[in-house]
Structures are given as structure tokens and as C-alpha cells.
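Read the structure below first, then the notes.
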Protein chains: 2
Amino acid sequence: MNILHLIKVQRDQLSKAEAKLADEILAAPDEAVNMPTAELARRAGVSDPMVSRFCRSLGCNSFPEFKVQLATALAHRASFISESVSKGDSAHTVIEKRINANQAALEYLRSHLDVHTVDAAVKAMSQARQIIIAGMGGAAAIAQDAQHKLFRLGIPTVAYDDHLMMRMAAAGANPKDCFLVFSVTGRTSAMIEIAELVKQSQATLIVITNPESPLAELADITITSGDELEDTTIYVPMTTRIMILTIIDIIATALALAQGPTIEAQLKKVKHSLDGTKLELPPEGKNSKTTKN
Amino acid sequence: MNILHLIKVQRDQLSKAEAKLADEILAAPDEAVNMPTAELARRAGVSDPMVSRFCRSLGCNSFPEFKVQLATALAHRASFISESVSKGDSAHTVIEKRINANQAALEYLRSHLDVHTVDAAVKAMSQARQIIIAGMGGAAAIAQDAQHKLFRLGIPTVAYDDHLMMRMAAAGANPKDCFLVFSVTGRTSAMIEIAELVKQSQATLIVITNPESPLAELADITITSGDELEDTTIYVPMTTRIMILTIIDIIATALALAQGPTIEAQLKKVKHSLDGTKLELPPEGKNSKTTKN
DNA sequence: AGTATTATGTAATAAAATTACAAGACATAC
DNA sequence: GTATGTCTTGTAATTTTATTACATAATACT
């Protein structure tokens, strides 16, 4: 467990002086990470050696070791406040900022993706007769991507980006089917209609959307799309895409694991179907990888 | 720039004693991060104060500060050796591992995405008469996603996933057109054919692929797809997708910036076109966001 | 209330990092 | 090739930082 987290968790079981230190560190970890014991002690209003003791209670062998741990935790916690791009930015700055933003989105996902929900989704999908995926507009590509990933696992899967096709599929669905709906905001009327039709067919409805949306209300299982934190800055409606893709990745991986040993053979079969379509060797012949993807 | 990277880059411009330290640290950064100066100096075979000097040359104010930086760099790098999923993993473990892997992929991108290449791609695309995007199989969804992102910027853009359509588009391309080709491995014969046709049409060819592939050879501008680091583990052909998506994100963002002030109006127009398709208010009415995406 | 236990601060000590300085290496100019 | 200047490195001294030892205060328990 990361040290910042540990401090938060243990905060209430610590002694008075130690709690003061905990508070001081949690309040400004970025500053604390570059302070000597004396400075930290002064700020927290405790004596110098308390700092060493505090580090010991947390399982570190020394204050410097604690600082290393803190730096590590801080690195993972990647700044969320982060930096949206602005006019004068160079390509280099844009690269840094966008990568930071996407890493931060994943960090958000780490703490907000509910294990039980994922478990429920995986269970529903693994028992489904077929999985029908729906996504419109920006979510169409996501739906297609999800289809590609799931069908490789040998699961009967289809993706629609056309409203009329979705209506027909939803109306005609079997109760054993599972609908997977992508909608970032969860307020697109067309998608809500589809969701209602799915409910009437009694198929299982999994939606990846803003949890505080009308669409989420209708669903059997709701997974956040990250819309609730989307930066309103006009340039960057991208972080949600990364989050949703990672969610699919997680679910597909878990599904593959749930499938058991048969899955490896299945994946190999699909992979080998592409054998004839690739050039075997890289140009200089120095890299002798086998074909893949 | 991350400190480990900095050490690598500066390695050859350092003095003899400093180079010894650099080598020692690069050889075992995980150990170095928890050593006092004396120990590190001993291992590198240099004197004690050299360590302080070394830190200064790297732009740190003190050895402890250097250790914090090192820990930060290590934290980013750490997840890389990472953990591919295995049979007994719980949903929670899968979540952690996949998020780590994807974050690590982004970290890789940070150090391997070349600024000048991105600049060149943005320049070519901003001057293009139209952008034609091609992607097959797993890359089809990526192509569609890229199209969606670029067309919003008001750039004439089309995406194909059909080989025959691609052939026709490539053969009939104008020299002012820009082809954007996605192929993870760069060894799909069908895609290479397309690239050759594009070359004959003298359109600009940008490919996102494995830089050591026949496809990359043909391109005017090559951007890595991350294929060279893809874990061969059968479960996870996902990291490349995240990388490619982030590359698109970066290019689109840079393009938007390059476009100047007109872009905001353009994006608003596209956004408002969706106004009639959304429900205005969330269910409980407590969240009063405006419509988006 | 009195005693045991724990928590904290003060002062002393030990450890760690840095500075000051001098010796050595290396280059350049003569 | 030697002299001179610059840069690099090590040694010793110094300063800063962290920890230990001990005493006192606070708290809990009988």
C-alpha cells in the first residue's frame, strides 16, 4: 500500500503528536518531501525526534527512507489539477500535458472503479448468450473496439452504431442477452430509448456512462465513464476515452481469466488466422519476432 | 525530464568520477535510492563529496533532493516490469495490473515520442487538403476514432477500414492530401500495398506503426505504435491501443492549437449541433452541467 | 489516589552531507 | 617541452541532519 494512503488510514490510531505530523504531511506532501526533520517538526508543532518516531510507526527505517516512499506515492498520485493546454504551448509541452492528463485519468479510475461492479459485469457477460454493444457518435469507435476485443475471446458479440439497428436489436433481444451501452454523458435521448427497449426485453443492461444520468438509472449495472470529471476545456474531451478503453481492457481481461484454460487456444486460433496476411521478416532481418496481432 | 533519463543523456558529458557515479546509479537505481552518500561513493569508487557535486551537475540542490527525484523517476518506471495477469487474479488485482500497465505505456510514450516527428506530422496535417485515415482489423476502431476527433476540428477527413476503398482512395489521392495509416505491426501486406499506392500518388504518408517494419520504411513520417514493447503475453494486446489513442490525442490537440482562434467557434458549432439530442437535466436536478459531447 | 505505561520533549550523540582547501590531471600557449 | 591556467578530484573540517538516551509529562489502570 502506498504511504500516503497508509497515513490517511492510520491517521486516527496515531498519538497526538504523530497525528499532527500526519496532518501536516497530508496537507502539503509535495513540500514535505523536500524538508529536513527539523522543518517538518517545526511546522507540525512537535519536537524533532517525533519525526523519526513517526516514520518508524509507519514501517520505515529512517526519515530519508520515508521521504523516498513519499516521493514514490506522490509520483503515482499524478497531478490532477494538471495543466490543460493553452495557446502558446510547444509540441513538447502538449505531449507532456496530455500524457499527464491521461495518466491522471487512469489514477482516478484506480480509486473510483468499483470492484464489485466489475465483478458483476464480468459475471453477467460471461453467462450471456450474446453481447450486443451500442455506441453512437464518439462512442461508436469505442463500441467497435470493444466488439473486436470480446469477439476474440470467442464470445458471440456484435456492435451497432446505427440507431435503427439498435432499436431492432434491443426490441428483439433475448432475456439471456447482455447489452453493453456506451454513452459518455448518459443524456442522449436516442440511447435512453434503446435502454428502455432493452429493459422491456428483460436482457441484462450494462452501461458505461455518467453515474448521475438518466441512462444510469435504467441500467442493471453502471460503470462510470469519467464524465463527471471531464475538464470542460474545449480542447480535451479525451480523458474519458482513455478511461473507457481501460475499463473495457479490464473487463475483457477478467473475462478471459474467467473463461479458464480454453481461452488460450481460442486466442491462438484467432491470431493464426492472420498468418497469411503478414510479411514474416522485418526489413533488416535483425529483429526476428513472430507475427502478431 | 525524468532524472534517470537525464543521467543517461548526460552520461557522456560528465567528468570521470561523475560518470562512475552515473554508471553505479543506472546499474542499480533501486538500491541507490536508499543509500547515504558514503555508501554510494564507496560503491562507485569515488570520494564522498563527489556525490554532492554529481547531484549539483544534475540540477539538484542536495543529495536528498536527488534521491527524491530518483524515487519519482523510479515510481514511473517501476510498473513497467509489471505484472501481467495470471489465472488466480481477483478482479481487484486485474484492475490494478491493467491500470499499471496502461500508465506504464504512457510513461514509455513520454520518453520515446519524438517532438520533431510530432511537429512534422502536425504541420503536414494542418496543410493538407484532406486527411485520409486507414486502419484494418483492430486498428479500424482507432481509425474511426481519429476521424471523429479530426473532423470536429473542421478538417476534411475520412476513415476507411475496407481494403478496396483504401486502394481507390490511395490511387486517386492528390499530392496535397495526407494519408494517416494505423498498423500496429507494420507488416500487414494489405496495408503495405496501400502505402505503396499512396507514394505513387505523392500524397504525404504518415504512419503510426512499429518503426522497424516495412511499412515504416515507406512513410514520410513514422510515429511509434509501441509494438516494439508489446508484452507477448496473450491476454494483453491493449497497451498499444492506449498509446496510439494518446498519440492521436496529442496530434489533435496540437492541431487545434495550430489552428488558432477560429477553432473554438468551430468546436462550439459541432457541439451545439447535438443540442436537441440530449436531455437537459440530470434526474435529481442537483447537477446542472450543460450538454456536451 | 497511586502506580504503571505510554507519549513527548530536551539534550547529547551519531550520522550524513557539504564546504573549504589543496593536490593532481589535463589542456593550451609559448 | 615546459609553464601557466583551468578543471577535476580527494582530504579534512564543518555544518547540517537524524537518531539515541534520558527525563518529564500525560494517560490509563487498579
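Since every read-out is calculated from the coordinates, none of them should be taken as a lab result. Keep in mind that what you see is a predicted model, and the values were worked out from it rather than measured. All Cβ positions, even for glycine, are placed from backbone atoms using ideal geometry, and neighbour counts span all protein chains on display.
Odds and ends about this structure:
- Förster-model FRET efficiency, 60 Å R0, B:SER126 and A:SER15, C-beta, rounded to 0.05: 0.45
- Alpha carbon centroid spacing (whole Å) that separates the range A:1-54 from the range A:85-139: 34 Å
- Kirkwood Rh in Å, taken over all unlike Cα pairs in the range A:1-64: 11.5 Å
- Here B:LYS123, A:LYS8 are placed in order of increasing Cβ neighbour count within 10 Å, fewest first, which gives A:LYS8, B:LYS123.
- If the Kirkwood radius is taken over C-alpha pairs of the range B:156-209, then at 37 °C and 0.692 mPa s the Stokes-Einstein diffusion coefficient equals 298 µm²/s.
- Cut-off 19 Å, label 7 Å out along Cα→Cβ of A:GLN259, residues of the range A:158-180 by amide N: A:158-159, A:177-180
- Neighbour counts of other Cβ atoms within 10 Å put B:PHE179, A:PHE66 in the fewest-to-most order A:PHE66, B:PHE179.
- Surrounding net charge for A:ARG56, when Lys and Arg each add one and Asp and Glu each subtract one, Cβ distance under 11 Å: -1
- Distances between equivalent label points of B:GLY172 across the copies, with each point positioned 7 Å along Cα→Cβ, amount to 3.3 nm, shortest listed first.
- Over the range A:3-112 - Rg/Rh using Cα atoms and the Kirkwood inverse-distance radius: 1.08
- Relative contact order for the range B:3-112, counting Cα pairs under 8 Å that sit 6 or more residues apart, in percent: 22 percent
- FRET efficiency for A:THR117 and A:ALA27, using Cβ-Cβ distance with R0 set to 35 Å, rounded to 0.05: 0.60
- Mean shadow area of the range B:81-207 over all directions, Cα convex hull, nm²: 9.7 nm²
- Rounded to the nearest whole Hz, the Karplus-based 3J(HN,Hα) values (6.51 cos²θ - 1.76 cosθ + 1.60, θ = phi - 60°) of the range A:37-44 follow the sequence 3, 4, 4, 5, 4, 4, 4, 7, with x at glycine and proline.
- Here B:GLN259 yields copy-to-copy label distances, from shortest upward, of 3.9 nm, the label point defined as 7 Å from Cα along Cα to C-beta.
- Label-reachable residues, the range A:183-203, where backbone N falls under 14 Å from a point 7 Å from B:THR277's Cα toward its Cβ: A:183-194
- When A:ARG167, A:ARG187, A:ARG152 are arranged by Cβ crowding within 10 Å, least crowded first, meaning fewest neighbours, the order is A:ARG167, A:ARG152, A:ARG187.
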